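The values are calculated or read from the model by the stated rules, or taken from the named source; none is laboratory data. The model shown is predicted, which means the values in this text are computed figures rather than measured ones. Ideal geometry is used to build each Cβ from the backbone, glycine not excepted, and the neighbour counts take in all protein chains shown.
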Amino acid sequence: MIDAASIMNSESSAGSTSTTGSSTTNSVVTKDDFFKLLIAQLKYQDPLNPQQGTEFTAQLAQFASLEKLSNLHDLLKAQSTSYNHLLGLQSVALIGKEVEASIVDKETSASTTVTGQVSSVQFKDNRLYLTVNDQQIPFEDVISIK
């Protein structure tokens with residue numbers, strides 16, 4: 001029987017990209033790659049020694065699991081984006097509120113408490129920051145909101 005690596009190499013180089021003279025292989029297997037592999041296996045199998053039905057069924061089950069995981073990943077990514085938008089909308093209500101935050105200096109491990117009125121809010125690097133006393137404070141460092 002022909003192994004998967006030789007089939008993928010002999011079919012097409014869809015998973016390879018060329019950048020400035022060097023070649024790199026993409027390690028992500030897509031639905032198209034799976035179907036190409038499946039068709040190639042059926043095309044090149046020995047008619048006197050065909051692939052076992054259990055192997056074929058196992059491959060289909062793996063593909064179904066992969067498809068569901070891919071769909072779940074897409075759903076979680078969309079929910080994360082929606083959550084960030086919702087958090088951004090709700091964070092506007094913090095403007096004008098007095099907050100207390102505990103900030104830890106990464107170099108000295110000293111803790112400083114900052115108290116003041118929130119003048120603005122912003123998202124940066126998928127994190128919410130509050131501007132208090134002209135200082136950017138991560139929302140997760142806030143201890144209390146008054």
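Considering the conditions (1) charged (D, E, K, R); (2) over 30 Å from the mean Cα position of the chain (by Cα); (3) surrounded by 10 or more Cβ atoms within 10 Å (Cβ to Cβ), Asp134 is excluded by exactly one of them, (3).
Just to confirm my filter: which strands (runs of 3 or more DSSP E) fall fully inside region 1-108 and include at least 1 residues that are at pLDDT 75 or above and either hydroxyl-bearing (Ser, Thr, Tyr) or within 30 Å of Asp125 (Cα to Cα) (or both)? Spell out how you get there, then give the answer.
On the way: elements: 16-19, 22-25, 98-104.
Ranges flagged: 98-104.
Within region 88-131, the set of residues being exposed (fewer than 11 other Cβ atoms within 10 Å of the Cβ) and of a type in the set (Gly, Ala, Ser) comprises Gly96, Ser109, Ala110, Ser111.
For region 109-146, a residue qualifies if it is under 16 Å from Gly96 (Cβ atoms) and small (Gly, Ala, Ser), and the qualifying residues are Gly116, Ser119, Ser120, Ser144. Taking each residue of region 76-103 that is in the same structural domain as Gly116 (by TED's automatic domain parsing) and looking for partners that are part of a helix (DSSP H, G or I) with beta-carbon atoms closer than 7 Å, six or more apart or interchain, yields Ala101/Asp141; Ser102/Asp141; Ile103/Asp141.
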